[in-house]
Amino acid sequence: MKILFCASEAWPWAKSGGLADVAYALPKALSQSAGVTLMIPWYRFMQVALESLERLADVTLSFGGHAYAVTYYRQQKEGMEVLFVYSELLSERDYLYGPPGTAYEENDLRFALFSRAIVAFAQSARYDILHLNDWHTALAALFARERGLSAKTLFTIHNLAFQGVFARNRLELLGIDSEYFHMEALEFYGRINFMKAGIAFADAVTTVSPTYAKEILTPEFGCGLEGFLRKHRAKLRGIRNGIDTDVFDPEHDKMLACRLKRSLRRFKVCNRKPLQIAENTLPLFIFIGRMTEQKGVDLLASLCGELAQLPLIFAFLGDGAGEISRQLEAADRKYGNIHYFRGYDERLAHRLYAAADFLVMPSRFEPCGLNQMIAMRYGTLPIVHKTGGLADTVHAIDNKEVACGRGIVIDKLTPEDLLKAIRSALALYQKRERLEALNRFNMACDFSFAGPAEAYLACYRALQRKKRG
Ligand code: ADP
């Protein structure tokens, strides 16, 4: 089976969040059993120079009254072929998506171009499956249909909150026929919705955890697409994400100050030292992620006054320029036990996962979430809100039935219950042996992509059978 796996970002070349982790780890896992090509755009901020890549093909893509020069470059990595798509409009930018405003507005054309480049390439090579990810590649499902591509398409929703919605008057420039501008296709309250193209035209739709697959059919989580998704529910299913257990490996992780040998305690103490956080005897709680309401970090920020009174250290790592960031900066200045590392820092993230005792993830919604799985792999107990993929991967510590993934679970997210969960973590911290046993149990869990990759392969095979039948 030959699979073309397409995404707007993939670690280690370009990453803004979990999509990039998945867009590397999943094709890598799939390549154990199938021929996989990963296709991503080339961006000028990437560490990989175009000259170091093999120039594979040049094409001109004409649509919307313009002709765009596109070049495909190739690299071999970890048993899979990686193709980089170069086109000036797509590539010559210093950001992935840019801030909302003028930079963001041209993304419709940038990613429509990328989607056309995907389909043009798939047409010239024989692929069985086109695996598309999120709104940036969603239009490829429509273009593949239009072109009568023999490959079957699978579209994965990584986060329904980002749908790629743009002004209607761009339709012509994008080269999209106005016959698709209606409720059953791309139209969304008078605007163009890229995500809808993936849902409507892909042969199968998946999302990144079984619970989120159910949640998005409801108004609370459906972001306005719940009705549309319900119409297409027959082809929708949830497959939970995994993590790359080679990248996130406490025994071999080169980003750490110290790697795990026998003692988990020593591993944590040693990784905590270079963080320059005072008070090594107090438990370390961490939050890592985007500074948005989705992640519930605003609740934590509003609780800083209370957290400051507790016998703990709290470290936040996240990129952001908004109100939540400002609140955390103020808390960092005011309280000795609250630290805010502002920015995006991969190495620091690894060290925090390793050094921490607890990871707090009070997401209001969470399609899957990777942080909790990374934390568990590094012997850090997760404290999570029971939603989406967090509900599928972290189970209450007194739950005897479930096989894997234990932590402190908040059933209903309120500031009071969040604080209660943090207090119960502090009580657990006093029972060192119990905590260590829980962490050891989590560390032995299989959060790799092996299982999820099998589930995707089963989906691909089902699509192929349908095609033959
Ligand atoms: P998202 O919703 O942002 O995709 P996920 O939990 O799926 O969240 O994945 C987040 C990924 O990004 C994890 O690998 C996490 O460690 C990483 N990450 C998030 N914020 C930062 C940051 N500020 N610095 C370093 N890594 C980060």
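Every number here is computed from the coordinates shown, using simple stated rules; none is lab data. In this text the structure is predicted, and so the values were computed from the model without any measurement. Virtual Cβ from ideal backbone geometry, glycine too; neighbours counted across all protein chains shown.
Using the Cβ of LEU229 as centre and a radius below 14 Å, the other residues enclosed give a net charge of +3, where K and R count +1 and D and E count -1. Classify segment 94-215 from the C-alpha gyration tensor, please: rounded if a/c falls under 1.5, else prolate or oblate depending on whether a/b exceeds b/c. Judged from the Cα gyration tensor, segment 94-215 comes out rounded (a/c under 1.5). The phi-based Karplus calculation (6.51 cos²θ - 1.76 cosθ + 1.60; θ = phi - 60°) puts the 3J(HN,Hα) values of segment 287-294 at 10, 10, x, 5, 7, 10, 5, 3 Hz, whole numbers, x for Gly and Pro. For segment 438-469 versus segment 351-403, the inter-centroid distance based on Cα atoms is 20 Å.
Loop-located trypsin sites (Lys or Arg not before Pro) in segment 406-437 (DSSP state other than H, G, I, E, B) with a sparse environment of at most 12 neighbouring Cβ atoms within 10 Å: LYS412, LYS431. Per the Cα gyration tensor, segment 4-90 maps to an equivalent ellipsoid with semi-axes of 23, 14, 13 Å, ordered largest to smallest. Across segment 127-142, computed HN-Hα scalar couplings (Karplus, 6.51 cos²θ - 1.76 cosθ + 1.60, θ = phi - 60°) run 10, 8, 10, 10, 9, 9, 10, 6, 5, 4, 10, 5, 4, 4, 5, 5 Hz from first to last residue, x flagging Gly and Pro. Among residues other than PHE365 with Cβ under 9 Å from its Cβ, the summed charge is -2 (Lys and Arg +1, Asp and Glu -1). The relative contact order of the chain, computed from alpha carbon pairs under 8 Å that lie at least 6 residues apart in sequence, is 12 percent.
Mean residue ellipticity, 222 nm, helices only, the chain: the sum of -39500 (n - 2.57) across DSSP H runs of n ≥ 4, divided by residue count and rounded to 500, is -11000 deg cm²/dmol.
Proximity of backbone amide H atoms, modeled 1.01 Å from N, is registered between SER209 and ILE239 at under 5 Å, excluding neighbours fewer than 5 places apart on the same chain. Taken as Cα centroids, segment 16-48 and segment 240-261 sit 18 Å apart, rounded to the nearest whole angstrom. Amide H contacts for PHE188 (H built 1.01 Å from N in the peptide plane; partners 5 or more residues away or on another chain; cut-off under 5 Å): ASN193. Gyration tensor analysis over the Cα atoms of segment 145-205 returns equivalent ellipsoid semi-axes of 19, 16, 9 Å (largest first, whole Å).
3J(HN,Hα) along segment 57-62: 7, 10, 9, 10, 9, 10 Hz, from the Karplus curve 6.51 cos²θ - 1.76 cosθ + 1.60 with θ = phi - 60°, whole Hz, x for Gly and Pro.
In terms of distances greater than 24 angstrom between alpha carbons, the cross-link table entries LYS77/LYS295; LYS77/LYS254; LYS196/LYS235; LYS2/LYS466; LYS400/LYS420 yield LYS77/LYS295.
DSSP assigns beta bridges within the chain; of those with both partners inside it, close to 30 percent run antiparallel. Computed about its Cα centre, the charge dipole of segment 264-443 is approximately 640 debye, with only Lys, Arg, Asp and Glu carrying charge at their Cβ.
For segment 396-438, the dipole from Cβ point charges (+1 on Lys and Arg, -1 on Asp and Glu) about the Cα centre works out to 140 debye, to the nearest 20. Simple point charges give the picture: +1 on the Cβ of Lys and Arg, -1 on the Cβ of Asp and Glu, and for the chain a dipole about the Cα centre of about 1260 debye.
Only one residue of PHE441, ASN241, ALA204 has its Cα farthest out toward the positive end of the dipole of the chain, where Lys and Arg carry +1 and Asp and Glu -1 on Cβ, and that residue is PHE441.
Annotation for segment 401-433: GluC sites (Glu not before Pro) lying in DSSP loop with at most 12 further Cβ atoms inside 10 Å of their Cβ are GLU401. Between amide H atoms placed 1.01 Å from N, distances below 5 Å from TYR68 occur with LEU61, SER62, PHE63, all of them 5 or more places distant or on a separate chain. Across all C-alpha atoms in segment 99-150, the radius of gyration and Dmax reach 12.3, 39 Å. Considering only LEU142, PHE181, ALA458, the residue lying farthest towards the positive end of the dipole of the chain is ALA458, judged by Cα position with unit charges set on Cβ.
Summing +1 for each Lys or Arg and -1 for each Asp or Glu among the other residues whose beta-carbon sits under 13 angstrom from that of PRO452 gives -2.
Trypsin sites (Lys or Arg not before Pro), restricted to segment 45-138: which are DSSP loop and have at most 16 other Cβ atoms within 10 Å? Taking segment 45-138 and a limit of 16 other Cβ atoms within 10 Å, the loop trypsin sites (Lys or Arg not before Pro) found are ARG126. Take the alpha carbon gyration tensor of segment 263-376, find the square roots of its eigenvalues, order them as a ≥ b ≥ c, and report rounded if a/c is under 1.5; if not, report prolate when a/b exceeds b/c, else oblate. Because a/c hits 1.5 or more and a/b fails to exceed b/c, segment 263-376 counts as oblate. Normalising the average separation of contacting C-alpha pairs (under 8 angstrom, six or more residues apart) by the number of residues puts the relative contact order of segment 264-443 at 21 percent. The overall shape of the chain is prolate: from the C-alpha gyration tensor, with semi-axes ordered a ≥ b ≥ c, the ratio a/c is 1.5 or greater and a/b exceeds b/c. Checking Cβ-Cβ separations below 4.7 Å across the chain identifies CYS6, CYS223, CYS304, CYS368, CYS459 as cysteines lacking any candidate disulfide partner. Entry note, segment 190-305: relative contact order of 16 percent, from Cα contacts under 8 Å with a spacing of 6+ residues.
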